[in-house]
Amino acid sequence: NSDAADRLQPGARMDFSLRAAWAHGTGAIRTHIDSDSPQHRISWPVIAEMREKWAGRIDVQAVSIFEIEAFLDPAFADEIVTMVADHGGILGAFLYQTPELERAVEMMMHRAANRNLDLDFHVDETADPGARGLRVIADAALRVDFPGTIVAGHCCSLARQPDAEAEATMDRVAEADIAVVTL
């Protein structure tokens, strides 16, 4: 039972994955770390241990992943930003349509900029043409003049939007210099 093995040896599954990646020639890997509270207190020390163990062989790029609304809680925002910065990670979140989306994204950008953190978002991971998270990220990055790197992953709803709207969003994404990893 792999769940039992993981409980006995924190990081065992990650170590196995890194050994397999190394055997197949991987030199860098980006992984999204479950970072909802209180899991972030468990996950980040394990990722730090694995990064140290694999240093010089595989560059392990660790990204936090939590629901964007969690960032509206100042205590959680302070804790996760500190944890990610202290462990050399990338600040990331899962975006979905929520009334406070713009405010949460902008707050995240300000805090990331203050700690010299890059950003990585799971965004618009739906076929719903009404999902506009990618546009929210681009607009916020331009308003804030975000100095770091931003990666937006998934962006599936863009393919369902009217051409003019999708092109306008892509223009804003290009202007904000956001890297897109589509799925």
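Note on W22: accessible area approximately 120 square angstrom, rounded to 10, probe 1.4 Å, nucleic acids and ligands left out. Past the 12 angstrom mark, what percentage of all C-alpha to C-alpha distances in region 98-137 do you count? Cα-Cα pairs in region 98-137 separated by more than 12 Å: 63 percent. Note on region 1-123: antiparallel DSSP beta bridges, both residues inside, total approximately 0 percent of the bridges counted. Compared with the dominant principal axis of the Cα atoms in the chain, helix 133-144 is inclined by about 80°. Taking a quarter of the surface of the Cα convex hull of region 49-132 gives a mean projected area of 6.4 nm². In the elastic network of the chain, a GNM with C-alpha springs shorter than 10 Å, the most mobile of G89, G148, G133 is G148. With coordinates expressed along the principal axes, the C-alpha atoms belonging to the chain extend over 51, 37, 31 Å, beginning with the largest. Extension gain for the segment D86 to I42, taken as residue separation times 0.36 nm less the Cα-Cα distance, is 14.4 nm to one decimal. Surface composition of the chain: carbon and sulfur make up 50 percent of the accessible area, probe 1.4 Å.
On the beta carbon distance between T31 and A164, with R0 = 45 Å, the FRET formula returns roughly 0.80. Per-residue accessible area (protein heavy atoms, 1.4 Å probe) orders H122, H110, H32 as H110, H32, H122, starting from the largest. Extending 7 Å from Cα along the Cβ direction at R143 and again at E79 yields two label points whose distance is 2.8 nm. Summed over qualifying helices (DSSP H, 4 residues or more, each -39500 (n - 2.57)) and divided by its residue number, the chain shows a 222 nm mean residue ellipticity of -14500 deg cm²/dmol. Between the Cα long axis of helix 74-86 and the first principal axis of the chain there is an angle of about 60°, rounded to the nearest 10. Note on region 116-158: the alpha carbon radius of gyration divided by the globular reference 2.2 N^0.38 Å gives 1.18. Angle check, please: helix 163-175 long axis (alpha carbons) against the longest principal axis of the chain (alpha carbons), in degrees 0 to 90, nearest 10. Tilt of helix 163-175: around 60 degrees.
Ligands, DNA and RNA aside, R30 has an accessible area near 90 Å² when probed at 1.4 Å.
Each Lys or Arg adds one and each Asp or Glu takes one away; over the other residues whose Cβ falls under 9 Å from the Cβ of A152, this sums to -2.
The values are calculated or read from the model by the stated rules, or taken from the named source; none is laboratory data. Predicted model, so just to flag it, every value in this text is computed and none were measured. Quick reminder, even Gly has a Cβ in these numbers, built from the backbone with ideal geometry, and neighbours come from all protein chains shown. Surface areas here come from the heavy atoms of the whole protein model, side chains and all, with no ligands, DNA or RNA. Shrake-Rupley method; radii C 1.70, N 1.55, O 1.52, S 1.80 Å.
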